[in-house]
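What follows is calculated from the coordinates using simple rules that are stated; it is not laboratory data. Only a predicted model underlies this, so the values are computations on that prediction, with no experimental measurement involved. No Cβ is skipped: glycine too gets one built from the backbone with ideal geometry, and neighbour counts run over all protein chains shown.
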Amino acid sequence: MELLFKIFIKDRENVTDANVRRHYGELGGTVGIILNICLFVFKLSAGLLTKSIGIIADAMNNLSDAGSSIITLTSFKMSGKPADNDHPFGHGRIEYISALFVSIAILLMGFELAKSSIEKIIHPEPIEFKWIMIIILAAAILIKTWMFFFNKKIGMKIDSQTMIATSKDSLSDSVATSSVLVGILIAHFANLQIDGLIGLVVSMFIFYTGISTIKQSIAPLLGQEPDPKLVQEIEQMVMAHKSIEGIHELVIHNYGPTRFMVSLHTEVPADADIIEIHDRIDRIEKELNEKFGCEAVIHLDPIETNNAVVVENRAKIKGIVGNISDELSVHDFRMVSGPTHTKLIFDVVVPRDFSMTQTVLDVEIKNRILQYNPHYCAVIYYDREYI
């Protein structure tokens with residue numbers, strides 16, 4: 001594997017580069033086309049030689065796998081295309097669509113295997129045993145097992161759902177061919193025609209693999225929670241800058257494995273020089289772009305940092321809300337004083353699966369604030385947590 005990477009991929013360690021990533025995907029697709037066509041030819045020859053419907057069906061599956069590899073190769077070429085007028089955020093999501101097609105192919109293979117297995121159970125047929133057939137099937141199992149590790153390694157290197165789906169397809173093929181081989185050996189040496197039963201059990205495994213792979217393929221198309229490590233790196237990079245008091249409402253929009261947009265709110269001192277703060281935010285956006293290759297949009301939320309009363313009450317309110325649950329957070333805190341009462345205006349970020357309803361939580365926070373100071377009137381806005 002490493003030898004192939006070394007020969008065909010320049011700068012192979014720079015997997016975050018779009019071109020390097022595309023070359024990995026193209027290599028995986030090309031290797032898949034070549035090996036699957038070879039397996040199709042050899043298995044078809046063995047199947048015709050021994051009159052084994054199971055081997056012929058397995059050969060046709062390899063032909064369909066070659067088609068899936070063509071889809072993989074095409075998807076990486078297309079996903080590497082730059083943005084255009086019709087697709088201003090690029091074509092990266094084609095990879096996810098390709099992974100979905102490969103997943104459907106796995107399900108179809110499971111269906112066909114289950115169908116042929118049931119036919120074999122109902123109408124068992126003797127197989128003409130030849131050692132050349134055993135050698136071809138054993139070699140096919142080894143090749144497909146190698147392809148599983150090869151595709152998985154590429155998928156893990158470049159974080160590609162398409163290659164991970166292809167690796168699972170290779171594993172399913174290896175298991176399916178193994179079942180054919182075991183059935184042939186048992187039929188020859190024990191005179192038991194159980195290849196149909198074995199094939200049915202294996203088809204269930206393939207169905208499970210196909211369904212789980214479809215779920216993984218659909219998730220980024222529908223919009224899934226971003227990688228926690230990526231979120232942490234973004235937060236650390238932003239908070240490392242002077243005058244950034246806090247961040248919230250961080251949202252990551254995925255347009256492909258190497259293409260995403262980031263939007264977030266930053267709390268900055270209200271009395272800071274607006275030109276200086278704007279320049280700092282521009283630099284943060286540029287840093288995010290240079291490190292992650294993303295487009296970043298940062299909104300400014302001014303907060304008072306030099307007013308002792310505001311600072312003290314902000315800390316107190318954060319403590320009150322945090323005592324209810326450490327999953328809750330407060331931002332955009334401000335105070336509006338009046339002759340009879342003071343308004344405390346702030347936002348609370350609530351997790352999606354939080355145990356309390358918003359109504360119950362609102363009453364609980366306001367009651368605790370009244371216990372802290374009966375002259376304080378809370379005006380609370382509730383934000384959805386995207387991460």
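With neighbour counts taken as other beta-carbon atoms within 10 Å, the residues Thr342, Thr359 rank, fewest first, as Thr359, Thr342. Just for the chain, what percent of DSSP beta bridges are antiparallel, to the closest 5? Close to 45 percent.
Each residue in Arg352, Arg12 was given a count of other beta-carbon atoms within 10 angstrom of its own, and listing them fewest first yields Arg352, Arg12. Assuming a ≥ b ≥ c are the square roots of the Cα gyration tensor eigenvalues, decide whether the range 228-384 counts as rounded (a/c under 1.5), prolate (otherwise, with a/b larger than b/c) or oblate. Oblate shape, in that a/c is at least 1.5 and b/c is the bigger or equal ratio. Count Lys and Arg as plus one, Asp and Glu as minus one, and take only other residues whose Cβ is under 15 Å from that of Thr342; the net charge is then +3. The relative contact order of the range 58-202 comes to 27 percent, based on Cα pairs under 8 Å that sit 6 or more residues apart.
With contacts defined as alpha carbon pairs under 8 Å and 6 or more residues apart, what's the relative contact order of the chain in percent? Computed over the chain, the figure is 12 percent.
The long axis of helix 53-79 is offset from the longest Cα principal axis of the chain by roughly 40 degrees.
Please report the spacing between the Cα centers of the range 27-96 and the range 135-181 in Å, no decimals. Centre-to-centre distance over Cα atoms comes out at 12 Å.
Taking Cα atoms only, the orientation of helix 131-158 departs from the longest principal axis of the chain by about 10 degrees. Going by alpha carbons, how many degrees (0 to 90, nearest 10) lie between the helix axis of 358-372 and the longest principal axis of the chain? Once rounded, one gets 30 degrees.
At q = 0.07, 0.08 Å⁻¹, work out log10 I(q)/I(0) for the chain with the Debye formula, treating every Cα as an identical point scatterer and leaving solvent out; two decimals please. Here the Debye-derived log intensity ratios amount to -0.51, -0.61. In terms of surrounding Cβ atoms within a 10 Å radius of their Cβ, Ser167, Ser172 rank from fewest to most as Ser167, Ser172. Check the straight Cα-Cα distances from Lys343 and name the lysines below 20 Å, setting aside those fewer than 8 residues away within the same chain. Partners found: Lys316, Lys318, Lys366. A straight line joining the Cα centroids of the range 298-351 and the range 249-294 runs 23 Å. Electrostatic tally near His265: other residues with Cβ closer than 9 Å to its Cβ, Lys and Arg +1, Asp and Glu -1, net -4.
In straight-distance terms, cross-link reach from Lys157 covers every one of the lysines whose alpha-carbon lies under 29 Å from its own, apart from those fewer than eight places away in the same chain; here that gives Lys6, Lys10, Lys77, Lys81, Lys144, Lys168, Lys215, Lys229, Lys286, Lys291.
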